[in-house]
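Here's the structure we're looking at; comments come further down.
The values are calculated or read from the model by the stated rules, or taken from the named source; none is laboratory data. The model shown is predicted, which means the values in this text are computed figures rather than measured ones. Neighbour counts are summed over all protein chains in view; Cβ atoms, including those assigned to glycine, are modelled from backbone coordinates with ideal geometry.
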Amino acid sequence: MRITGITAQPLILKLKEPYTIAYETVTETTNILLKIETSRGITGFGCAAPDLHVTGETPTEVMKTLDQTVRPALLRTDPMRPALLMQRLDDLTVRQPSLLAAVDMALHDILGKVCGLPLWKILGGFRDRIKTSITIGILPETETVREARERAGQGFRSLKLKGGRDVESDIARVIRVREAVGAGIELRFDANQGYSLTEALRFVEGTRSARLELIEQPTPRGEPDLLGRVTATAPIPIMADESLMTLRDAFRLARRNLADMVNVKLMKVGGIAVALQINAVARSAGLEVMVGCMDEAALAIAAGLHYALARPNVHYADLDGHLDLLDDPTSGTVTLKEGILYPSAKPGLGFGA
């Protein structure tokens, strides 16, 4: 079997409701749908979600690299040798993790379709479903409480609140949400690098009564020692997100005990294969893993889900990036029921022929 065709299509996907995080307000996102065709009539699909703030890429750059580098490097090669092909692309490209993630997804999709099995079973098959949190952006206190109640009423048992702009406002919102939803709902908080060390510790102290499950990336990723000091001081788990971009980052975080947990996003790290390697490092160091996402079409969410289902150390999921996207052509590759995500029973990632 050989790769006979590689095509890509930008998807400009608007959000039903814009949301705000520490450094931007998001109204739409651009994903790139990748299709790899083979001589046996099996087609693999992948999805890139480039984000200049997080992955360092733009959609234009990804499309250019796909055309000028990926296509000539992969045409007429054997798609059943993904480790070789991904190493070749890694050597040929300057860091473009969401692009590599899309190719990695498509090759894994082909593998699943050749085997006739959903990908999560091939990768390990530890569980067949997982609870996901739902994210609430930075909103005024009353609106935050209203949305938290609505999401809990929809069946979500885990809510993630965004913050990082004003620590006292963040504390007040967390306390009000806990009062509104009760003790049975898990609360997580993500500062998106917005706090200084003093602010992070103030937030930890101010929200003790809310019994947060975890705090995600409180301090800037360029100052790892600050993250480590929060981790050493806080009585609740501290998770690294933006501080984890590569396999080597995972090793550094683990070696220096800079975090209790890590958030693995396929778009940040370059795909499923690298994510599995990072999970192995985390597990060996006693760090729990959450699979996260960007604003991603359902196909990319499916890839993260299949990774999460495959390994016992991936205890948490934050796979909600597709829920507010309009006109997503890949919808249906995952199913959400009362806050639980289920994969498609179709081979591979569950999309297309």
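Take region 161-175 and flag every residue that is outside any helix (DSSP H, G or I), buried (at least 16 other Cβ atoms within 10 Å of the Cβ) and among the acidic types (D, E).
none
When you look at R146, is it part of a helix (DSSP H, G or I), buried (at least 24 other Cβ atoms within 10 Å of the Cβ) and out of contact with any Gly (no Cβ under 6 Å at 6 or more places or on another chain), yes or no?
no
May I ask you to list the residues in region 217-242 that are among the polar types (S, T, N, Q) and under 14 Å from Y195 (Cα atoms)?
Of everything in region 217-242, those that are among the polar types (S, T, N, Q) and under 14 Å from Y195 (Cα atoms) turn out to be Q217, T219, T231.
May I ask you to list the residues in region 1-32 that are of a type in the set (A, V, I, L, M, F, W, C) and under 17 Å from the mean Cα position of the chain (by Cα)?
I21, V26, I32
Can P79 be described as out of contact with any Leu (no Cβ under 7 Å at 6 or more places or on another chain), under 30 Å from P347 (Cβ atoms) and either surrounded by 13 or more Cβ atoms within 10 Å (Cβ to Cβ) or not acidic (D, E) (or both)?
So P79 fails the test.
Residues that are under 23 Å from E213 (Cβ atoms), modelled with pLDDT of 95 or more and surrounded by fewer than 19 Cβ atoms within 10 Å (Cβ to Cβ): does region 263-285 have at least one?
yes
Out of curiosity, is G182 crowded, with 22+ Cβ neighbours inside 10 Å and either of a type in the set (V, I, T) or out of contact with any His (no Cβ under 8 Å at 6 or more places or on another chain) (or both)?
No, not satisfied.
Go through region 222-259 and give me each residue that's under 17 Å from the mean Cα position of the chain (by Cα) and farther than 15 Å from L287 by Cβ.
E242, M245, T246
When you look at F126, is it over 21 Å from L11 (Cα atoms), touching a helix residue (DSSP H, G or I) at 6+ places or on another chain (Cβ under 9 Å) and among the aromatic types (F, W, Y), yes or no?
Answer is yes for this residue.
Take L341 and decide whether it is surrounded by 20 or more Cβ atoms within 10 Å (Cβ to Cβ) and assigned to a loop (DSSP other than H, G, I, E, B).
no
Mind counting the residues in region 229-252 that are surrounded by fewer than 19 Cβ atoms within 10 Å (Cβ to Cβ) and outside any loop (DSSP other than H, G, I, E, B)?
Count: 7.
Please go through (1) within 18 Å of T231 (Cβ to Cβ); (2) acidic (D, E); (3) buried (at least 24 other Cβ atoms within 10 Å of the Cβ) for E296 and return the number of the only condition it doesn't satisfy.
(1)
Out of the residues in region 123-143 meeting the condition of being assigned to a helix (DSSP H, G or I) and without any contact (Cβ under 8 Å) to a residue 12 or more places away in the chain, tell me which one is farthest from K16 (Cα to Cα).
T142
Go over the candidates A191, A152, A172, A180 one by one and state the one that is in contact with a Pro (Cβ under 6 Å, 6 or more places away or on another chain), modelled with pLDDT of 95 or more and assigned by TED's automatic domain parsing to the domain that holds Q217.
Step by step, each of A191, A152, A172, A180 is checked, and only A191 is in contact with a Pro (Cβ under 6 Å, 6 or more places away or on another chain), modelled with pLDDT of 95 or more and assigned by TED's automatic domain parsing to the domain that holds Q217.
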